[in-house]
1. For region 9-23, name all the residues that are surrounded by fewer than 21 Cβ atoms within 10 Å (Cβ to Cβ) and outside any helix (DSSP H, G or I).
2. Looking at region 31-60, which of the residues that are more than 21 Å from the chain's Cα centre (by Cα) and without any contact (Cβ under 8 Å) to a residue 60 or more places away in the chain is most open to solvent (accessible area, probe 1.4 Å)?
3. Being part of a helix (DSSP H, G or I) and among the polar types (S, T, N, Q) is the filter here, so list the residues in region 34-57 that pass it.
4. Could you give me the residue pairs with C-beta distances under 8 Å whose first residue belongs to region 66-88 and is under 16 Å from residue 30 (Cβ atoms) and part of a helix (DSSP H, G or I), whose second residue is acidic (Asp, Glu) and at pLDDT 90 or above wherever it lies, and which are 6+ apart or on separate chains?
5. Only one of these is at positive phi and modelled with pLDDT under 80: 257, 235. Name it.
6. Is it true that residue 216 is under 21 Å from the mean Cα position of the chain (by Cα) and either crowded, with 23+ Cβ neighbours inside 10 Å or more than 20 Å from residue 55 (Cβ to Cβ) (or both)?
7. Would you check if there is a residue in region 240-262 being open to solvent by 20 Å² or more (accessible area, probe 1.4 Å), of a type in the set (Gly, Ala, Ser), within 23 Å of residue 98 (Cβ to Cβ) and assigned to a helix (DSSP H, G or I)?
Amino acid sequence: MGKRYGALILAGVFFGTTGTAQALGPKGISPMAVGSARLICGALLLWLFTRFTPKTKQKMAWRDLWLAAFGFALYQLTFFSAVKSTGVSIGTVTALGSAPALTGVLAYLINREKPSRRWFVATLITTSGIIVLSNAKGFSQFNVVGFSLAICAGASYSLFAVTSKRALASGVGIPEAMSRIIALAALLAFPFLFVGDFHPLVSPKGLLVVLWLGLVPTAIAYIAYAYGLHDVRASTASTLILAEPATATLLAAVVLSETLNFKSGIGIAIIVAGLLYLSRE
């Protein structure tokens, strides 16, 4: 079980590079186009990976596949748009900070999965850290549209987590499940590839960003995520990946020179404490 928890935390760290990578992309690049391109690149890399892994005969239920793919595609589009509107740290913190509670609710409604008592305590601790972290910059940078998009991203991610968990529980192989879900999500998000100016996306800098997003926080991260999710409650998994906002905040401070004050450090420390407490489960 320790390896499962470790894989989820590692996935969260890889996810945390997403917003910074987008911010380092060429100016004028559309966040929706980035989200769509990331899915296409990630789907291709996962398809290549599955060519060299053992196959299972178990088929994924169509309902789980479509719901997981829809949640995943919507998450990409709303998350990148939220980061564009509110900044890397606030957008990531809001999106992923809302995910544990939303996932707990959806997991109960869809799968009748009851969260553990330790999850409640850990989620309370990490949510407190999220609140401290989100208030570290004050409300001067608060953006209603960006905040709403970030909450929508959190809900979309929760839908993906719960339905993909059910697909994995049916016996589908991890690489196969992620490859199918992300391939369908890429198809659903494909029209958004052409939103905005297309030229920055196909520039050398733009292609490098897409390659990073497709390889690290998509192909590698979601295989690690699915590996951890296989034997872990969806609600617990969503709390463990709160390593993402902590990573995103640190990267935003180090790479993008976004402000990281004492309050930010306290918020990150609280999140880490909650993750460590949950990992003892």
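1. Within region 9-23, 17 is the sole residue that qualifies.
2. 57
3. So the first thing to find is which residues in region 34-57 are part of a helix (DSSP H, G or I), and the list is 34-50.
The answer is 36, 50.
4. Correct list of pairs: empty, since none qualify.
5. Working: 235 fails: at positive phi.
Matching residue, one of 257, 235: 257.
6. Numbers: under 21 Å from the mean Cα position of the chain (by Cα): yes; either crowded, with 23+ Cβ neighbours inside 10 Å or more than 20 Å from residue 55 (Cβ to Cβ) (or both): yes.
Considered against the rule, which asks whether it is under 21 Å from the mean Cα position of the chain (by Cα) and either crowded, with 23+ Cβ neighbours inside 10 Å or more than 20 Å from residue 55 (Cβ to Cβ) (or both), residue 216 comes out as yes.
7. Yes, there is a match, as at least one residue in region 240-262 is open to solvent by 20 Å² or more (accessible area, probe 1.4 Å), of a type in the set (Gly, Ala, Ser), within 23 Å of residue 98 (Cβ to Cβ) and assigned to a helix (DSSP H, G or I).
Conditions (1) more than 24 Å from residue 78 (Cβ to Cβ); (2) part of a loop (DSSP other than H, G, I, E, B); (3) under 20 Å from the mean Cα position of the chain (by Cα); (4) modelled with pLDDT under 85, marked per residue:
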| position | (1), (2), (3), (4) |
| --- | --- |
| 126 | no, no, yes, yes |
| 130 | no, no, yes, yes |
| 136 | no, yes, no, yes |
| 141 | no, yes, no, yes |
| 155 | no, no, yes, no |
| 162 | no, no, yes, no |
| 167 | no, no, yes, yes |
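The values are calculated or read from the model by the stated rules, or taken from the named source; none is laboratory data. Predicted model only: the values in this text are computed from it and were never measured. Here Cβ is always computed from backbone atoms with ideal geometry, including for glycine, and neighbour counts include all displayed protein chains. Just so you know, the surface numbers come from the protein's heavy atoms only, side chains and all, with ligands and any DNA or RNA stripped out. Shrake-Rupley method; radii C 1.70, N 1.55, O 1.52, S 1.80 Å.
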